[in-house]
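Shown next, in structure tokens, is the structure this report addresses.
The values are calculated or read from the model by the stated rules, or taken from the named source; none is laboratory data. It should be emphasised that the depicted structure is a prediction, and the values quoted were computed from it without experimental measurement. Positions of Cβ are backbone-derived with ideal geometry, glycine not excepted, and every protein chain shown enters the neighbour counts.
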Amino acid sequence: MIVHDNGVRFSRQLLVWGDEKQNRIAESTLLVAGLGGLGATVSQILARSGVAALHLVDEGTVALSDLHRQSLYGECDIGRKKVLVAEERLKAINANVRIFVHDARIDQKFCIAAEVDLVVDCLDNYNSRFDLYHAVRTGQFFVHGGVQASQGQVLTLVKGESQPLDEIFAGCLQPKGPIPVTPDSVFIIAGLMSNEILQTIFGEPKLLNRFLVIDLVNLSLTFLEV
Amino acid sequence: MIRLQFYGLLRLMLSGKESLELPWHEGDTVGLLLEKFQAVEKIPVTGKLIDEHGTLHAGTIILLNRRNILHLKKLDTQVNDGDVLALFPPGAGG
């Protein structure tokens with residue numbers, strides 16, 4: 001069966017990463033919180049890369065206004081639950097990845113399954129981001145991403161060692177109304193998030209306790225230590 | 001000297017300026033530095049960061065030596081020679 005022949009499936013990336021890093025990917029279970037613009041592309045890249053399992057969390061349904069930037073969904077999915085569409089699409093991409101769907105809003109009661117190695121924040125509001133971070137266990141890696149207009153940021157934290165997310169973002173309130181965003185910026189920032197997630201899986205995070213700030217108007221990448 | 005660093009959309013507002021240095025004086029605070037910056041650059045930046053009551057606007061993180069000033073003494077936080085003040089309006093969406 002070609003679909004289960006990982007030697008073939010991953011032959012191009014093995015040339016870059018080699019067996020050891022590919023094995024690390026294959027042993028990793030991640031939780032992706034938020035299946036909007038960033039989460040749709042990040043979860044897709046992780047499934048294509050060959051992770052063991054993905055826990056997907058979102059309570060939303062697909063809307064027409066999502067389609068310009070949310071890469072897992074099409075017109076035929078409008079009105080359907082994002083977690084269920086995402087599960088179908090990710091299984092179609094790589095049936096070997098175990099998918100766990102959580103049709104839920106992240107609040108103070110949210111719990112993260114014990115098997116999750118790394119938590120990915122692709123959420124679209126600060127309250128849920130902070131509640132998610134509170135659910136992270138001590139020593140666990142947490143990769144944050146955010147996007148707005150033509151800019152965004154990626155940051156990696158370790159719970160208990162880094163400054164807490166809600167301290168770093170203290171005072172940030174959710175903007176009123178829809179957040180302006182373009183498809184190109186979402187794909188680029190999701191790509192950079194995925195790169196950092198994979199580097200973290202390899203044990204080599206590049207953005208631990210420092211923001212990568214992406215400005216696509218001036219095409220600049222800058223670091224901000226936290 | 002105090003280094004002010006600007007990130008993201010704020011940098012666009014400041015015509016692409018990434019950072020600048022301001023001389024440090026005894027008793028300087030974050031609020032005073034922002035006023036000095038506005039006077040030097042003639043850019044109404046404080047209006048984007050602070051409302052008419054002197055309260056910080058939500059939406060821009062102000063970090064003094066990596067610490068959010070909301071966890072220090074906000075605009076009254078004392079600054080010292082060599083400090084780095086970073087102003088970053090993060091992307092809120094996902």
Suppose we filter the stretch A:193-218 for residues that are within 12 Å of another protein chain (Cβ to nearest Cβ) and either within 24 Å of A:Gln70 (Cβ to Cβ) or modelled with pLDDT of 95 or more (or both); how many remain? 10
Which of the residues that make up the stretch A:41-68 are among the hydroxyl-bearing types (Ser, Thr, Tyr), touching a helix residue (DSSP H, G or I) at 6+ places or on another chain (Cβ under 8 Å) and closer than 23 Å to A:Ala149 by Cβ? A:Thr41
Would you say A:Thr156 is more than 14 Å from chain B (Cβ to nearest Cβ) and not in a loop (DSSP other than H, G, I, E, B)? yes
Got at least one residue in the stretch A:159-166 being touching a residue at least 24 places away in the same chain (Cβ under 8 Å), more than 8 Å from every other protein chain (Cβ to nearest Cβ), crowded, with 16+ Cβ neighbours inside 10 Å and more than 20 Å from B:Asn65 (Cα to Cα)? yes
What residue, among those in the stretch A:1-46 that are part of a helix (DSSP H, G or I) and among the β-branched types (Val, Ile, Thr), is surrounded by the most Cβ atoms within 10 Å (Cβ to Cβ)? A:Val42
Going by what's in this entry, would A:Lys109 be described as at pLDDT 95 or above and under 21 Å from A:Phe223 (Cα atoms)? no
May I ask you to say which residue of B:Leu70, B:Leu63, B:Leu12 is within 13 Å of chain A (Cβ to nearest Cβ), closer than 16 Å to A:Ile168 by Cα and in a helix (DSSP H, G or I)? B:Leu70
Looking at the structure I just gave you, is A:Phe100 of a type outside the set (Val, Ile, Thr) and either within 14 Å of chain B (Cβ to nearest Cβ) or crowded, with 21+ Cβ neighbours inside 10 Å (or both)? no
With the structure loaded, tell me whether B:Leu12 is touching a Leu at 6+ places or on another chain (Cβ under 8 Å) and at pLDDT below 95 or whether it fails that test. no
Quick one: would you say A:Arg98 is over 14 Å from A:Val32 (Cβ atoms) and either of a type in the set (D, E, K, R) or at pLDDT below 95 (or both)? no
Just give me the residues in the stretch A:206-226 being buried (at least 20 other Cβ atoms within 10 Å of the Cβ) and closer than 11 Å to A:Val143 by Cα, in sequence order. A:Leu207, A:Phe211
Could you please find all residues in the stretch A:18-42 being touching a residue at least 60 places away in the same chain (Cβ under 8 Å) and under 16 Å from A:Asn195 (Cβ atoms)? A:Lys21, A:Arg24, A:Ile25, A:Ser28, A:Leu30, A:Val32, A:Leu38, A:Gly39, A:Thr41, A:Val42
Name the single residue that is farthest from A:Leu30 (Cα to Cα) among those in the stretch A:196-226 being among the aromatic types (Phe, Trp, Tyr) and in contact with a Leu (Cβ under 8 Å, 6 or more places away or on another chain). A:Phe223
Of the listed residues (B:Gly31, B:Gly91), the one being of a type in the set (Gly, Ala, Ser) and either farther than 24 Å from A:Leu165 by Cβ or in contact with an Asp or Glu (Cβ under 9 Å, 6 or more places away or on another chain) (or both) is B:Gly31
Could you tell me whether B:Asp51 is acidic (Asp, Glu) and either in contact (Cβ under 8 Å) with a residue 40 or more places away in the chain or away from chain A (no Cβ under 14 Å) (or both)? no
Can you tell me how many residues within the stretch B:15-33 are buried (at least 20 other Cβ atoms within 10 Å of the Cβ) and either of a type in the set (Val, Ile, Thr) or facing another protein chain (nearest Cβ under 10 Å) (or both)? 1
Among residues of the stretch B:17-36, those that are touching a strand residue (DSSP E or B) at 6+ places or on another chain (Cβ under 9 Å) and part of a loop (DSSP other than H, G, I, E, B), counted: 6
